[in-house]
Amino acid sequence: GAVVSQHPSWVICKSGTSVKIECRSLDFQATTMFWYRQFPKQSLMLMATSNEGSKATYEQGVEKDKFLINHASLTLSTLTVTSAHPEDSSFYICSALGFGSSTQYGYTFGSGTRLTVV
Amino acid sequence: GQNIDQPTEMTATEGAIVQINCTYQTSGFNGLFWYQQHAGEAPTFLSYNVLDGLEEKGRFSSFLSRSKGYSYLLLKELQMKDSASYLCAVTISYGGSQGNLIFGKGTKLSVKP
């Protein structure tokens, strides 16, 4: 079936540093990637939507200069949290839409990245 | 704005049946998903409804009424492993193409022996 590989699974970084999270579609081409953030005991909140080869569309309240999204190819999208602060500590998940996907109805989730900023 | 409501928590007994309700008010509607999510893990797909009616898949069934903006997830023969959060999510149509998933806050289900 369709698989999205998300790395790293967890990361601890110092305040002020940057962290890059990768999502790769392994057996299909992801034309659209959605990035979500989930705080403890809360639901998934959409941060941004990116289409291959174009700029990401950010949801209201999400700083595009802080959360850099790159979707340069049909199999790779990255989210970089720049100048991370403790309040950025959260669970980040990507979800891919694409063609060639065998996942029912097309949404394939990565396994998530637990970011802790100390 | 988009609004998806579901109960915060529910408790049920092993072997019983539980129904988790979801109501939505969204600008556009393309379909409704139910996902299961264990703590610290990504959501896993349970069901998808686009037309009114009941979709049955083993121990899990999902119902949709588009006119009422209402759905429910029915879990039968509950098992301890069913303890998880259940997320209701709606896709909003953008010019006919699939759009992003808007998630409800999730219902945390606890199954007791």
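The values are calculated or read from the model by the stated rules, or taken from the named source; none is laboratory data. Predicted model, so just to flag it, every value in this text is computed and none were measured. With ideal geometry, Cβ positions are generated from the backbone for all residues, glycine too; neighbour counts draw on all protein chains shown. These area figures cover heavy atoms from the full protein model, side chains too; ligands, DNA and RNA do not enter into them. Shrake-Rupley method; radii C 1.70, N 1.55, O 1.52, S 1.80 Å.
For segment B:24-48, which residues satisfy the criterion of being open to solvent by 50 Å² or more (accessible area, probe 1.4 Å), of a type in the set (S, T, N, Q) and without any contact (Cβ under 8 Å) to a residue 60 or more places away in the chain?
Within segment B:24-48, B:Gln25, B:Thr44 qualify.
May I ask you to say which residue of A:Lys41, A:Lys55 is among the charged types (D, E, K, R), assigned to a loop (DSSP other than H, G, I, E, B) and within 14 Å of another protein chain (Cβ to nearest Cβ)?
Matching residue, one of A:Lys41, A:Lys55: A:Lys41.
Any idea how many residues of segment B:4-52 are over 14 Å from the mean Cα position of the chain (by Cα) and either within 23 Å of B:Ile92 (Cβ to Cβ) or of a type in the set (Phe, Trp, Tyr) (or both)?
Summing the residues that are over 14 Å from the mean Cα position of the chain (by Cα) and either within 23 Å of B:Ile92 (Cβ to Cβ) or of a type in the set (Phe, Trp, Tyr) (or both) in segment B:4-52 gives 9.
Tell me yes or no: at least one residue of segment B:8-17 is open to solvent by less than 60 Å² (accessible area, probe 1.4 Å), within 12 Å of chain A (Cβ to nearest Cβ) and at negative phi.
no
Just checking, how many residues over segment B:1-23 are part of a strand (DSSP E or B) and either more than 13 Å from B:Phe103 (Cα to Cα) or without any contact (Cβ under 8 Å) to a residue 40 or more places away in the chain (or both)?
10
Filter segment A:54-72 for residues that are open to solvent by 40 Å² or more (accessible area, probe 1.4 Å) and farther than 12 Å from A:Phe34 by Cβ and give the result.
Within segment A:54-72, A:Ser54, A:Lys55, A:Gln60, A:Gly61, A:Glu63, A:Lys64, A:Asp65, A:Leu68, A:Asn70, A:Ala72 qualify.
Condition check: at the interface with chain A (Cβ under 9 Å from one of its Cβ atoms) and touching a residue at least 60 places away in the same chain (Cβ under 8 Å). Does B:Leu101 satisfy that?
Considered against the rule, which asks whether it is at the interface with chain A (Cβ under 9 Å from one of its Cβ atoms) and touching a residue at least 60 places away in the same chain (Cβ under 8 Å), B:Leu101 comes out as yes.
Name, by its number, the condition in (1) within 14 Å of another protein chain (Cβ to nearest Cβ); (2) farther than 30 Å from B:Thr8 by Cβ; (3) over 10 Å from the mean Cα position of the chain (by Cα) that does not hold for A:Ile69.
Going through (1) within 14 Å of another protein chain (Cβ to nearest Cβ); (2) farther than 30 Å from B:Thr8 by Cβ; (3) over 10 Å from the mean Cα position of the chain (by Cα) one by one, A:Ile69 breaks only (3).
Hey, which of the strands (runs of 3 or more DSSP E) in segment B:51-113, taking only ones fully inside, have at least 3 residues that are open to solvent by 10 Å² or more (accessible area, probe 1.4 Å) and under 29 Å from A:Pro40 (Cα atoms)?
The strands (runs of 3 or more DSSP E) meeting that bar are B:70-75, B:107-112.
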